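Structure first, then comments.
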Ligand code: NZQ
Ligand code: ZN
């Protein structure tokens, strides 16, 4: 195992009806910024529950956070946050809103009009405001991790920022909130979470039986319960997938593991340039990336075949190929594209993707940093 430090301070408040727990989680009188997205929380009753639980607080609202949250909008929220002397930012929504809440908590105290370059260059900040989350869409794990993925419209860029102090202090995971999700978002959530596990598992072999075993449980759970969630959206499937998606990216399974986020970085570029849902960019790229890297990943592919897909094939190469085929099949069953051509008439240009990676300073990817721009071109050719 590689050396690691792990501290996840987010208090998870899980279960049906738990939005009311906000009344205990937030001290009366706190100046709260309630951050939300395009208005789904007003249509499905979540907004009313949050407002009722925060009745003893001084609440300012800021709505309109976009899917794939936009820097320029968050900077407007930062001005409101400063003006109102906000003490807690509460993101109520999916990964986009929660990411925006964490980024806002980092930029608002800076008192700078345009801190993008400072933060993209890993510049340190002195203060980060406290964040809380009410999650309404299980997918990203954002509710208890330090990452915000932010899009800069002006620069046509989408990149991740990590700030440990922005991890939410608490996250309410009430599976009832998932009742109003449409099938597309349910599919996206399952595929995104599954991909997060693969990127912390299907890398280089290392002695980490605890992390690997836990990853396998998460993947088997998503394979079994993901389709059920999409078909029935019943309470058992909601709570199972909500918890699995949280565990998939809260730091635990990736601790001490060489990680490979290249599918995500290529996927972020596709979303920035072609406005395709996050999870659907991942399903388009990952099977081809695994084929391209099948030799380097042979050890873990063999384990993946056996413990996730119950493949009995003795030949390691054939077992690995079969496991990739089943992965692709699973993504298809979840209604997601597995080739770039599956999103026609959109035409995804490899040169554009490479140029995004260059502008994002993501020119070496992979667990061993040996995927460069030429390799990305090759992966996209396989994915065509
Ligand atoms: O905008 P609202 O009204 O909230 O509607 C949203 C949005 O239209 C809707 N929705 C959310 N909860 C709902 C609901 N509709 C009905 N009922 C509910 N209960 O669903 C749509 C998609 O929401 P969004 O938050 O964009 O989805 P998701 O959770 O998949 O988040 C995607 C974003 O997270 C980033 C992605 O890049 C993308 O920007 N990621 C963040 C990560 C992290 N912080 O660690 C890791 C991920 O890999 C990912 O990159
Ligand atoms: Zn993701």
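Kindly check whether there is at least one residue in segment 182-199 that is surrounded by fewer than 23 Cβ atoms within 10 Å (Cβ to Cβ), assigned to a loop (DSSP other than H, G, I, E, B) and free of Cβ contacts under 8 Å to residues at least 60 places away in the same chain.
Yes, there is a match, as at least one residue in segment 182-199 is surrounded by fewer than 23 Cβ atoms within 10 Å (Cβ to Cβ), assigned to a loop (DSSP other than H, G, I, E, B) and free of Cβ contacts under 8 Å to residues at least 60 places away in the same chain.
Sort out which residues of segment 74-105 are surrounded by fewer than 18 Cβ atoms within 10 Å (Cβ to Cβ) and free of Cβ contacts under 8 Å to residues at least 40 places away in the same chain, and write them in order of number.
Going residue by residue through segment 74-105, those that are surrounded by fewer than 18 Cβ atoms within 10 Å (Cβ to Cβ) are 76, 79-80, 82-85, 87.
Answer for segment 74-105, where residues must be surrounded by fewer than 18 Cβ atoms within 10 Å (Cβ to Cβ) and free of Cβ contacts under 8 Å to residues at least 40 places away in the same chain: 76, 79, 82, 83.
Scan segment 158-167 and give yes if some residue there is assigned by TED's automatic domain parsing to the domain that holds residue 69 and closer than 20 Å to residue 19 by Cα, otherwise no. Before the answer, list the steps.
Narrowing segment 158-167 to residues assigned by TED's automatic domain parsing to the domain that holds residue 69: 158-167.
If we keep only those that are closer than 20 Å to residue 19 by Cα as well, we get 167.
The answer is yes; a qualifying residue exists.
Tell me whether segment 79-90 contains one or more residues that are touching a strand residue (DSSP E or B) at 6+ places or on another chain (Cβ under 8 Å), on the phi > 0 side of the Ramachandran plot and not in a helix (DSSP H, G or I).
yes
Restricting attention to segment 327-346, which residues are in a helix (DSSP H, G or I) and either surrounded by fewer than 16 Cβ atoms within 10 Å (Cβ to Cβ) or not assigned by TED's automatic domain parsing to the domain that holds residue 219 (or both)?
In the first step, residues of segment 327-346 are kept if they are in a helix (DSSP H, G or I); the result is 327-333, 340-343.
If the condition is that a residue be in a helix (DSSP H, G or I) and either surrounded by fewer than 16 Cβ atoms within 10 Å (Cβ to Cβ) or not assigned by TED's automatic domain parsing to the domain that holds residue 219 (or both), then 329, 332, 333, 341, 342 are the ones that fit.
If I go through segment 47-77 residue by residue, how many of them are under 13 Å from residue 90 (Cα atoms) and in a helix (DSSP H, G or I)?
Matching residues across segment 47-77 total 5.
If we scan segment 17-37, do we find a residue that is in a loop (DSSP other than H, G, I, E, B) and within 30 Å of residue 156 (Cα to Cα)?
Let us first name the residues in segment 17-37 that are in a loop (DSSP other than H, G, I, E, B), namely 17, 26-30, 37.
Imposing the further condition that a residue be within 30 Å of residue 156 (Cα to Cα) reduces the set to 37.
Within segment 17-37, one or more residues are in a loop (DSSP other than H, G, I, E, B) and within 30 Å of residue 156 (Cα to Cα).
Run down 239, 224 and say which single residue is over 14 Å from residue 173 (Cβ atoms) and part of a helix (DSSP H, G or I).
Numbers: 239 fails: over 14 Å from residue 173 (Cβ atoms).
So the residue among 239, 224 that is over 14 Å from residue 173 (Cβ atoms) and part of a helix (DSSP H, G or I) is 224.
Condition check: out of contact with any strand residue (DSSP E or B) (no Cβ under 9 Å at 6 or more places or on another chain) and within 15 Å of ligand 2 (Cβ to nearest atom). Does residue 154 satisfy that?
Values: out of contact with any strand residue (DSSP E or B) (no Cβ under 9 Å at 6 or more places or on another chain): yes; within 15 Å of ligand 2 (Cβ to nearest atom): no.
Considered against the rule, which asks whether it is out of contact with any strand residue (DSSP E or B) (no Cβ under 9 Å at 6 or more places or on another chain) and within 15 Å of ligand 2 (Cβ to nearest atom), residue 154 comes out as no.
The values are calculated or read from the model by the stated rules, or taken from the named source; none is laboratory data. These numbers come from a predicted model, not from an experiment. When we count neighbours, we look across all protein chains shown, and the Cβ atoms used for this are built from the backbone with ideal geometry, even at glycine.
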